[in-house]
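Everything on this sheet refers to the single structure shown next.
The values are calculated or read from the model by the stated rules, or taken from the named source; none is laboratory data. Everything quoted here is computed from the prediction, not taken from an experiment. Every residue, glycine as well, gets a Cβ built from its backbone with ideal geometry; the counts of neighbours run over all protein chains shown. Remember, those area values only see protein heavy atoms, side chains included, never the ligands or the DNA or RNA. Shrake-Rupley method; radii C 1.70, N 1.55, O 1.52, S 1.80 Å.
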Amino acid sequence: MESELKAPIRVRFAPSPTGYPHLGNIRTALFNWLFARHHKGKFILRIEDTDVARRVEGAVETILDSLLWLGLEWDEGPYLQSQRLHLYLDVSTRLLEEGHAYTCYCSPERLETMRQEQIKRKQPPGYDGHCRHLTQGEKTRLEKSGIAPVVRFKTPLAGETSFHDLIRGQITFKNITLSDFILLKSDGYPTYHLANIVDDHLMNISHVLRADEWLSSTPLHALLYQALDWQPPQFAHLPMILGPDKSKLSKRHGATTLTEYREQGYLPEAMVNFLALLGWSLDDKTELLSRDQLVEHFSLERIGKSGAIFNRTKLEWMNGVYLRRLGAAEFAQRATPFLDRDLPSSARRPLDLAYVRQVTSLLQERSRTLAEIPQLADFFFLDAIDYDAGLLLGKEMNAESAANALQAAVTELGRARTWDASSLEGILRPLAATLNLSTRNFFGLLRAATTGRTAAPPLFQTMAVLGQQKCLQRLAAALQKLPAVQQ
RNA sequence: GCCCUCAUCGUCUAGAGGCCUAGGACGCCAGCCUUUCAAGCUGGAGAUCAGGGGUUCGACUCCCCUUGGGGGCACCA
């Protein structure tokens, strides 16, 4: 039961536009969104664009686009940190004035050699405090020489810093292992550490749900809150999503950005369901949950601690489930853009939507992603099909009996007045008997002749959709191919 | 190297001391259904709960150590 007296729940998703959001980022966004919706709180979007050098064109748009595709609507923002620079500067100044921070004039070169030596001596790399005790005179001199300083936080040299994590419990770091990190860069932009806590404070963020990789920098943030005498939010570090080799997900693991999944024909509702189950579970058996059910049941208590390998095969299964659950019209509508995109150029455009609808109804329970529909369906849209003549012959068949059967089929089908699945069955099933062929062989022959493949939707329905004229044409073409078959 | 952290079937996970001879899902195998392929249904293989010590009448569950994995240690987030 949530107490009415508690501060309102306010969470944020704070990506940096240095790349396109990958599954891990999006899973973090999803958990934040679920948490906010479950508690009837606010979900805030904040763009952490304080790294001018690494900014990627179009990244912000892709982030917004990804969230909207999944239906993760935000209540406030997007706030851009690059437009709030004065706020960070104010806090930095205050920290300086109150003696919690100092200006540092060390050159990148000096820092680099320092680091190398520390590594060589097998010491933990970190700032050595060189500028910590500079006199006012020295500072003025360095300032005059044109060096733009950075501002560093004065990390306590002794003692320890601990904080409570909602998922992992109490976590403690010895301050000696923490170094004087940078708050403000020489270009006047804040680092993540500064901007992050200033904004979380100013935006009244109640809970910080972020990936595990931030755990190590949380003591820095805790120290900052202490120095500023601000109430820190509650922290919950989420387990990470891993690649098949158990390492942090990255480009080299293949498709990792959300938009790639959209292009590969996954449904947003399946992605939401699947992503939610990476690190969270409802119970010992539930796998399929709608967005509303997720909102209803989501809780931090049921988030696990260990990283999860992203299992694409299971996603495919789940996507198939969602695909099959769609209404036929909906399925056709969602499949159309993929057909349009991937069908061979020889297929007539624009696509005949009524025809598409008939085709997709045969494919709905056979596809796991929308992107595989075009390959499953191409023969429906092409005038001529190309295939190996060997596909025509079943096990107990030779070219002669196949020719005989095809000829008989052409004759009977040519006479047909109605052309639907049941009348076709009414013609072809008895014909198999007459020809003394197993349905397996006879229908297999017709399938290969009409579709050019051995695996396709049910024969009669397929033929019905193809139409009488096209079927007869293809049957005749198969008859021509037959002599070429190697026995 | 140092710091933090995690550890149940191949993978995602259930398990909050006795309900566990460890449950579910994906995948895999087999059977059924069947004109092929799927889908569906049924069944099966698959985890000495990383290893070792404790605590306890009793440990997958609590504690310690070891091992292994992951993350962090930037004028990146």
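I'd like to check something: does the range A:346-356 contain any residue that is under 22 Å from residue A:480 (Cβ atoms) and part of a loop (DSSP other than H, G, I, E, B)?
The first filter runs over the range A:346-356 and keeps only residues under 22 Å from residue A:480 (Cβ atoms), leaving A:346.
Now restrict to residues that are part of a loop (DSSP other than H, G, I, E, B): A:346.
Within the range A:346-356, one or more residues are under 22 Å from residue A:480 (Cβ atoms) and part of a loop (DSSP other than H, G, I, E, B).
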I'd like the full set of residues that are touching a Gly at 6+ places or on another chain (Cβ under 8 Å) and crowded, with 19+ Cβ neighbours inside 10 Å, limited to the range A:386-401. A:391, A:394
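Residues checked against (1) of a type in the set (Ser, Thr, Tyr); (2) open to solvent by 10 Å² or more (accessible area, probe 1.4 Å); (3) closer than 18 Å to residue A:313 by Cβ:
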residue: A:242; (1), (2), (3): no, yes, yes
residue: A:245; (1), (2), (3): no, yes, yes
residue: A:286; (1), (2), (3): yes, yes, no
residue: A:296; (1), (2), (3): no, yes, no
residue: A:300; (1), (2), (3): no, yes, no
Just checking, does the range A:93-111 include any residue being near RNA strand B (Cβ under 8 Å from one of its atoms) and open to solvent by 80 Å² or more (accessible area, probe 1.4 Å)? yes
Among the numbered criteria (1) within 30 Å of residue A:338 (Cα to Cα); (2) exposed (fewer than 12 other Cβ atoms within 10 Å of the Cβ), which single criterion is violated by residue A:381? (2)
Filter the range A:50-98 for residues that are β-branched (Val, Ile, Thr), in a helix (DSSP H, G or I) and free of Cβ contacts under 8 Å to residues at least 60 places away in the same chain and give the result. A:60, A:63, A:93
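Per-residue answers, yes or no, for (1) out of contact with any Cys (no Cβ under 7 Å at 6 or more places or on another chain); (2) among the small types (Gly, Ala, Ser):
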residue	(1), (2)
A:413	no, no
A:418	yes, no
A:425	yes, no
A:434	yes, no
A:437	yes, no
A:440	yes, no
A:444	yes, yes
A:448	yes, yes
Please name all residue pairs, on different chains or six or more residues apart, with Cβ atoms under 6 Å, provided the first residue is in the range A:8-24 and is more than 24 Å from residue A:52 (Cα to Cα) and the second residue is assigned to a loop (DSSP other than H, G, I, E, B) and open to solvent by 40 Å² or more (accessible area, probe 1.4 Å). A:9/A:39; A:10/A:204
So is residue A:412 loosely packed, with under 14 Cβ neighbours inside 10 Å, within 27 Å of residue A:483 (Cβ to Cβ) and assigned by TED's automatic domain parsing to the domain that holds residue A:460 or not? no
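Would you pick out the residues in the range A:180-208 that are in a helix (DSSP H, G or I) and not hydroxyl-bearing (Ser, Thr, Tyr)?
At the first step, the residues of the range A:180-208 found to be in a helix (DSSP H, G or I) are A:192-202.
Within the range A:180-208, A:193, A:194, A:195, A:196, A:197, A:198, A:199, A:200, A:201, A:202 qualify.
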Return yes when residue A:320 is surrounded by fewer than 16 Cβ atoms within 10 Å (Cβ to Cβ) and near RNA strand B (Cβ under 10 Å from one of its atoms) and no when it is not. no
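Taking the stated definitions as given, is residue A:182 touching a strand residue (DSSP E or B) at 6+ places or on another chain (Cβ under 7 Å) and within 10 Å of RNA strand B (Cβ to nearest atom)? Outline the logic, then answer.
Working: touching a strand residue (DSSP E or B) at 6+ places or on another chain (Cβ under 7 Å): yes; within 10 Å of RNA strand B (Cβ to nearest atom): yes.
Yes: the conditions hold for residue A:182.
Is the range A:75-82 home to any residue that is over 30 Å from residue A:271 (Cα atoms) and under 39 Å from the mean Cα position of the chain (by Cα)?
Narrowing the range A:75-82 to residues over 30 Å from residue A:271 (Cα atoms): A:82.
Then keep just the ones that are under 39 Å from the mean Cα position of the chain (by Cα); that gives A:82.
Looking through the range A:75-82, at least one residue is over 30 Å from residue A:271 (Cα atoms) and under 39 Å from the mean Cα position of the chain (by Cα).
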Starting from the range A:103-123, keep only residues that are of a type in the set (Lys, Arg), then list their pairs with residues that are surrounded by 11 or more Cβ atoms within 10 Å (Cβ to Cβ) whose Cβ atoms are within a distance under 8 Å, requiring at least 6 positions of separation or different chains. A:110/A:130; A:115/A:125
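If I go through the range A:139-162 residue by residue, how many of them are part of a strand (DSSP E or B) and either charged (D, E, K, R) or within 27 Å of residue A:49 (Cα to Cα) (or both)? Spell out the reasoning first.
Taking the range A:139-162 first, the residues part of a strand (DSSP E or B) are A:150-153, A:160-162.
Next, only the ones that are either charged (D, E, K, R) or within 27 Å of residue A:49 (Cα to Cα) (or both) stay: A:150-153, A:160.
Of the residues in that region, 5 qualify.
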Of A:256, A:286, which residue is out of contact with any Lys or Arg (no Cβ under 8 Å at 6 or more places or on another chain), outside the structural domain of residue A:199 (by TED's automatic domain parsing) and in contact (Cβ under 8 Å) with a residue 40 or more places away in the chain? A:256
Counting only residues that are open to solvent by 20 Å² or more (accessible area, probe 1.4 Å) and touching a Pro at 6+ places or on another chain (Cβ under 9 Å), how many does the range A:183-205 have? 3
Can you tell me which residue is surrounded by the fewest Cβ atoms within 10 Å (Cβ to Cβ) among those in the range A:223-240 that are more than 14 Å from RNA strand B (Cβ to nearest atom) and part of a loop (DSSP other than H, G, I, E, B)? A:229
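Provide a single number: the residues in the range A:199-220 that are polar (S, T, N, Q) and within 12 Å of RNA strand B (Cβ to nearest atom). Steps first, please.
Going residue by residue through the range A:199-220, those that are polar (S, T, N, Q) are A:204, A:206, A:216-218.
Right, trim to within 12 Å of RNA strand B (Cβ to nearest atom) and you get A:216-218.
Within the range A:199-220, residues that are polar (S, T, N, Q) and within 12 Å of RNA strand B (Cβ to nearest atom) number 3.
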